[in-house]
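What follows is a short report on a single structure.
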Amino acid sequence: MERISRRGFIKAAGSTALVGMLGAPYLALGATKKVVVVGGGPGGATAAKYLRRLDPGIEVTLIEPKKEYYTCFFSNEVIGGGRTLETLRFTYDGLKKHGVQVVHDTVTGIDGGAGTVTTAGGQRFAFDRCIVAPGIDFKWGAIEGYDEKASETLPHAWKAGEQTMLLRRQLESMADGGTVIIVAPPSPYRCPPGPYERASLIAHYLKTHKPKSKILILDPKDGFSKRPLFEAGWKKHYPGMIEWVSGQKGGKAEAVDVAARVVRTEMDQFKGDVINVIPPQTAGRIALAAGLADDKGWCPNDPATFESTLVPKVHVIGDASIAGAMPKSAYAANSQAKVCAMAVVALLSGKQPPTPSYFNTCYSMIAPDHAVTIVGVYRLQDGRISEVPGSGGITPVDASEEMLRREMAYAQSWFNNITDDIFG
Amino acid sequence: MKTKTLMGAMVIAGAALSTVPVLAADPATNLLSAMCSGCHGTDGSSRGPTIPSIAGMNAEYFVDSMKAFRDGTRAATVMTRIAKGYTDQEIEAMAQYFAAQKLVRFPQSFDPKLAERGKRLHENYCEKCHEDGGMKSDEAGVLAGQMMPYLRFSLDDFLQGRREIDKKMKAKVDDLLAAEGKEGLEAVVHFYGSQHDK
Ligand SMILES: Cc1cc2nc3c(=O)[nH]c(=O)nc-3n(C[C@H](O)[C@H](O)[C@H](O)COP(=O)(O)OP(=O)(O)OC[C@H]3O[C@@H](n4cnc5c(N)ncnc54)[C@H](O)[C@@H]3O)c2cc1C
């Protein structure tokens, strides 16, 4: 059997590369190096874990206010009634096992020059390098009448936890024949396909329980991620139920009247029974406060290392960062964290960071047996994170039902594996 | 099998060399490979329930698979789009990386009775190429401990012509189906799924 011997040969050769990830020949020399990680989401938690995996000699402190992290990814399934919030809950026990020192506090200051981080609890941490991954914050007031207080009545549900459940409860108590309004955000924002996945899974719930109801998406944009796939899915599973109003057609929300449950656009007023406002976004507030963001509210950096171009020795990853062609997703944050961790370990020992590569996938669920994906494989080209030409992209529009079913089955594994890679 | 002794010799040679640090996978390859773990699990061992593990995979089978995905000759949901992002050289480097990772087999739910029957059927029909109860990765990926839904998808793809099947394997699968029916093939899947570490 010629094939066996061919394969056997390579396998044998392969077994010499045993050391893998842990064998990266970068060990920081001299005094213990300190890295402080700000934020324990997919970006920060992955960075902290991989720093320790790459070089257990580095002292890694992760600062995060919350003791439990609820993933936004798959929270649309909770909103649609297909899963419990509990399944989205993760703790920091896994990171502690990797030797990460986890501190529950809120960072209030990052001083790149002095190499210190200060917290609301009055603590101070010195660092050789700092990795900042605070996610996003909202531009309260950008839609007139929509501030933090308003979100207690008209949820954004764009940070998971109580907000997710609030939107879920409102859908549960809505009468059949009601109108759900989703106010979609302008780009750039966290999870480009998220609002449309949300519309799909709410539609699934309504179709099953309140079939006379409608969903209206008010959008400032004239297109959206995976649009042909969503529109085909809506037509197939929820005909006539979801209406999308583009920016051109007057979909941009200008104001909300919280008490009356009305969204005002340039030309119209829309009354909703449940209104989900996903506001315009910026990098997490601490990034702005620490001078890491540009005038648009996002953090410029050197994409080979994610070191800030505004504050040396401070790196920014995840949703808060500007990352070329990469979207703001958990997969992207996890991928950037590994690039950044490797670069930081190299820089701490005076070495050249390795050639970077980056990756993204987003699964979007349209119905219980129908999911689609977008994939991106990226490299650094002329100083910008760019897709490898001819690769990636969305699920083919003519994909068979069998393949769409499989995508749904695989989505579950993605969730289990990425959350384990982040927190486990 | 003649190749066995040859392979044994190679593995020993490899083990002896593995203490030489120069042979450590380079950081860029580690990074390239770490990009896959969001789906395939950290270092290629999947927690399941569906996406296959790729740790401990025979490097040549890995390379063949990636190229088949890239050419579109092997049906897939995402891997066709992913494989197009990598050069031959990068695929070969990742193949070495994953071949060197120890596969962790996470538990799956299986029917012990079916698994018992599958064990016997495996020995009769499949062991010749998927040795050690499917633990060994020579011909294909490791079958023992592989995610059961994925194994079903793969078998279905072979039978439906979505993926090229080894002629001799086809004969064995046909024999099994003729003698034991679809449940026989399902039993073999349960046997593979019944093998786990933890
Ligand atoms: C509905 C929805 C669905 C989604 N689905 C997907 C999906 O299917 N796939 C996918 O890949 N992505 C998905 N995403 C996107 C994903 O959730 C985000 O991209 C990801 O969470 C970004 O990670 P991050 O670490 O940058 O930020 P975050 O996850 O926001 O984490 C930031 C952390 O920093 C902490 N923090 C903030 N300020 C401070 C401070 N001052 N001091 C200390 N800590 C601080 C916060 O408490 C938080 O825990 C979805 C998002 C939404 C809203």
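The values are calculated or read from the model by the stated rules, or taken from the named source; none is laboratory data. All values derive from a computational prediction rather than experimental measurement. Using ideal geometry, Cβ is built from the backbone for each residue, glycine included, and neighbour counts are taken over all protein chains shown.
Data for the structure
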quantity: The one condition in (1) surrounded by fewer than 20 Cβ atoms within 10 Å (Cβ to Cβ); (2) over 18 Å from the mean Cα position of the chain (by Cα); (3) within 11 Å of the ligand (Cβ to nearest atom) that A:Leu167 fails to fulfil; calculated: (1)
quantity: Set A:Gly80, A:Gly115, A:Gly109: member being touching a residue at least 24 places away in the same chain (Cβ under 8 Å) and away from the ligand (no atom under 15 Å from the Cβ); calculated: A:Gly115
quantity: Any hit, the range A:340-355, residues being surrounded by 23 or more Cβ atoms within 10 Å (Cβ to Cβ), without any contact (Cβ under 8 Å) to a residue 40 or more places away in the chain and either more than 7 Å from chain B (Cβ to nearest Cβ) or away from the ligand (no atom under 13 Å from the Cβ) (or both); calculated: yes
quantity: Counted residues, the range A:401-424 - those being within 9 Å of another protein chain (Cβ to nearest Cβ) and surrounded by fewer than 16 Cβ atoms within 10 Å (Cβ to Cβ); calculated: 1
quantity: Enumeration of residues in the range A:378-418 that are touching a strand residue (DSSP E or B) at 6+ places or on another chain (Cβ under 6 Å) and within 15 Å of the ligand (Cβ to nearest atom); calculated: A:Tyr378, A:Gly392, A:Ile394, A:Thr395, A:Glu407, A:Met408, A:Ala411, A:Trp414
quantity: Tally of residues being part of a strand (DSSP E or B), more than 16 Å from the ligand (Cβ to nearest atom) and either buried (at least 16 other Cβ atoms within 10 Å of the Cβ) or modelled with pLDDT under 95 (or both) across the range A:294-307; calculated: 1
quantity: Test for A:Tyr331: is it outside any strand (DSSP E or B) and within 15 Å of the chain's Cα centre (by Cα); calculated: yes
quantity: Residues satisfying the stated conditions in the range A:260-274, i.e. of a type in the set (A, V, I, L, M) and either within 16 Å of the ligand (Cβ to nearest atom) or surrounded by fewer than 22 Cβ atoms within 10 Å (Cβ to Cβ) (or both); calculated: A:Ala260, A:Val262, A:Met267, A:Val274
quantity: Verdict on A:Thr71 being within 9 Å of the ligand (Cβ to nearest atom) and either modelled with pLDDT of 95 or more or within 14 Å of another protein chain (Cβ to nearest Cβ) (or both); calculated: yes
quantity: Residue check for A:Gly291: free of Cβ contacts under 8 Å to residues at least 24 places away in the same chain, within 16 Å of the ligand (Cβ to nearest atom), in a loop (DSSP other than H, G, I, E, B) and more than 12 Å from chain B (Cβ to nearest Cβ); calculated: yes
quantity: Test: residue in the range A:136-146 that is within 9 Å of the ligand (Cβ to nearest atom) and in contact (Cβ under 8 Å) with a residue 60 or more places away in the chain; calculated: yes
quantity: Close pairs from the range A:311-322: first farther than 11 Å from A:Ala337 by Cβ and outside the structural domain of A:Ile110 (by TED's automatic domain parsing), partner part of a strand (DSSP E or B) and acidic (Asp, Glu), Cβ under 6 Å, at least 6 apart; calculated: none
quantity: The lone exception for A:Leu95 - which of (1) within 14 Å of the ligand (Cβ to nearest atom); (2) within 14 Å of chain B (Cβ to nearest Cβ); (3) farther than 24 Å from A:Lys328 by Cβ it fails; calculated: (3)
quantity: Those residues of the range A:374-388 which are out of contact with any helix residue (DSSP H, G or I) (no Cβ under 6 Å at 6 or more places or on another chain) and within 11 Å of chain B (Cβ to nearest Cβ), in sequence order; calculated: A:Ile374, A:Gly376, A:Val377, A:Tyr378, A:Arg379, A:Glu387, A:Val388
quantity: Test result for A:Tyr50, buried (at least 19 other Cβ atoms within 10 Å of the Cβ) and under 30 Å from A:Ala199 (Cβ atoms); calculated: no
quantity: Of residues in the range B:31-49 being hydroxyl-bearing (Ser, Thr, Tyr) and in contact (Cβ under 8 Å) with a residue 12 or more places away in the chain, the one nearest to B:Val104 (Cα to Cα); calculated: B:Ser45
quantity: So A:Ala367, is it closer than 17 Å to A:Glu77 by Cβ, without any contact (Cβ under 8 Å) to a residue 24 or more places away in the chain and surrounded by fewer than 22 Cβ atoms within 10 Å (Cβ to Cβ); calculated: no
quantity: Boolean, B:Glu116 is over 20 Å from B:Pro27 (Cβ atoms) and surrounded by fewer than 20 Cβ atoms within 10 Å (Cβ to Cβ); calculated: yes
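Quick grid of which residues meet (1) closer than 17 Å to A:Ala260 by Cα; (2) not in a loop (DSSP other than H, G, I, E, B):
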site: A:Pro134; (1), (2): no, no
site: A:Asp147; (1), (2): yes, no
site: A:Lys159; (1), (2): no, no
site: A:Thr164; (1), (2): no, yes
